[in-house]
Amino acid sequence: MPAVPESPSRPTVTEREAREVAEAAREQDWRKPSFAKELFLGRFRLDLIHPHPLPADDDVQRGEEFLAKLRDFCETKIDGATIERDARIPDEVITGLKELGALGMKIDTKYGGLGLTQVYYNKALALVGSASPAIGALLSAHQSIGVPQPLKIFGTREQKETFLPRCARTDISAFLLTEPDVGSDPARLATTAVPEGDDYVLDGVKLWTTNGVVADLLVVMARVPRSDGHRGGITAFVVEAASEGVTVENRNAFMGLRGLENGVTRFHRVRVPASQRIGEEGQGLKIALTTLNTGRLSLPAMCVGSGKWCLKIAREWSAAREQWGKPVALHEAVGSKIAFIAATTFALEAVVDLSSQMADEDRNDIRIEAALAKLYGSEMACLMADELVQIRGGRGFETAESLRARGERAVPAEQMLRDLRINRIFEGSTEIMHLLIAREAVDAHLSVAGDLIDPEKSLGDKARAGAGAGLFYAKWLPKLVAGPGQLPTSYGEFKHGVDLSAHLRYVERTSRKLARSTFYAMSRWQGKMETKQGFLGRIVDIGAELFAMSAACVRAELLRGRGENGREAYQLADAFCHQARIRVEELFGRLWSNTDDLDRKVVKGVLSGTYAWLEQGVIDPSDDGPWIADATPGPSERENVHRPIR
């Protein structure tokens, strides 16, 4: 007998149930060391990142050879202005990328891929993303979160042999998790996969399916109902996009990434063989999160490319544009912006390259490093693009097409700002990244004191937790009092003309201060700590700055040791660290002096309508449609706009 499907209505879950689902999907253990995890615990483990890890010679040769081919393709075959104007990547460009092997950059050579390392995959994304951010997004979604990555980690031998050769050369893939009423709360996932014989039958609607309009293969997250022989839960499947019952109902349009093939996909009675299930039932979210551990590095990689372009344009424009008798770059108000762009680009590249090389070596657990890279890269890239628009003045606000039409260089600064904005939302919004990283950062505390602050635990459980916590903190807290950061001779190998050792001593001291602040907050708020999202966000932002400072110093020393612009690298690292230290001190000040409580009161007033009078005097140009589209399962009533590229 086939399993009885659940009601098509969206699952109703409490806040606690939603948290339990998210917690169950986490990797529970730390089997490998983590630099960032130690940093949040007040332990500055410079030995985990210095000397800077390096790729093998054959990986470098293979990567550089592909980058040379890709650069030639980008310069001769990709017209970013045309993609922006037509809001579509030409089919011949995608075909050319297939022939070049760009679809299989991260796929093993035995499956027809190029077998590039994470380092060179990211360099390739930065390069192609600078030619067209829409193409960068297509390639990233295909390989970082689409079919190749989850199959690489969780797929069976048969699945790899069946799908990876297709993904390497011909087939575009997409990842489908989000639904019209489900974003970062997967506990409410409504798409179902009901077992019927040797198949699963999928029903539901997925929103914002990047690559979904042109995809040949889909990774779909769906809820399997619990029944005899089926543990149920959110489960991952590989689905043929051309299957009967799959309909792409809309190609979505956005403020940026105008060539993005992003759509709404409906599943109605879509039969998927059980052999195409990835992993076990109920492992879907764990598969998604594990995939993102390295998959998230693709976004900050493209942010690095954006920073490099912003720096190039800022340098060329600010040297050519004169104001009051000298180039605008020599005016301090503009010069400080250029210095910010240069120093931040250096640091962001250091963060991405370091995290990527650690991912390639698989020696460290980089789940926090990758998340910090995504968070920090997406935020800082937007700031850099915004500063470039400001430096360009009215020309920064003007479109490249308009500039060209009146005879000036067509610099798409405003497009860059629009294209980058989505990175603060893609693959985990900044707010969600704050919570995700904060959860990992306090994992050690929750492991020893979780039952102690859990209001639903018994007195016996609390007593046992209290005993364990006492032992842990008796050993840990004294180590937060003093450390190498207080010795003026520490990290002396980072002193070459410019003194970076002082910045590393600052990181060491500040990591201990960060850990003390976290401990104090847990002691103060206990079980309510998880609701203090403003506080947790600032804790994470401090950690991100400290990680970036560490990476920048280590990269500068690497370049100095190799004779590659070492003097200049030290100068950039020094400038970045000074800038970051100011931001860190501001964040520490806002840990305890902020408007969080007052803001909560205002929010309650806004939602209750207390301040509705403030909204008077304007016209709302929105129409009267529903806030969230109806996603009731059933047959599609719209034209299928799916267009595979062959």
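For segment 517-646, the square roots of the Cα gyration tensor eigenvalues, ordered a ≥ b ≥ c, give a/c of at least 1.5 with a/b no greater than b/c, which places it in the oblate category.
Entry comment: accessible area of segment 593-646 is 92 Å² per residue, from protein heavy atoms only and a probe of 1.4 Å.
What fraction, in whole percent, of alpha-carbon pairs in segment 538-602 exceed 17 Å separation? When all Cα pairs of segment 538-602 are counted, 52 percent exceed 17 Å.
State the percent of C-alpha pairs, over all pairs in segment 469-590, separated by a distance greater than 22 angstrom. So the portion of pairs separated by more than 22 Å is 44 percent. Expressed as a whole percent, the accessible area of the chain that falls on carbon and sulfur atoms is 53 (1.4 Å probe). Remark: C-alpha extents of the chain on the principal axes read 75, 75, 65 Å, sorted largest to smallest. Screening the chain for whole DSSP H helices of 15 Å or more along their axis (Cα) with average Kyte-Doolittle hydropathy at least -0.5 returns 118-131, 284-295, 298-320, 332-361, 367-392, 430-441, 459-476, 533-561, 566-592, 596-608. The charge dipole of the chain, taken about the Cα centre with unit charges on the Cβ atoms of Lys, Arg (+1) and Asp, Glu (-1), comes to about 1580 debye, rounded to the nearest 20. Calculated accessible area for segment 266-347 comes out at 41 Å² per residue, all protein chains present (probe 1.4 Å; ligands, DNA, RNA ignored). Expressed to the nearest 5 percent, the antiparallel share of DSSP beta bridges inside the chain is 90 percent.
The values are calculated or read from the model by the stated rules, or taken from the named source; none is laboratory data. Note that the structure is predicted; figures quoted are calculated from it, not measured. Don't worry about glycine lacking a Cβ; one is built from the backbone with ideal geometry, like all the others, and counts go over all protein chains shown. The protein model used for the area step is the full one, side chains on, heavy atoms only, and it has no ligands, DNA or RNA in it. Shrake-Rupley method; radii C 1.70, N 1.55, O 1.52, S 1.80 Å.
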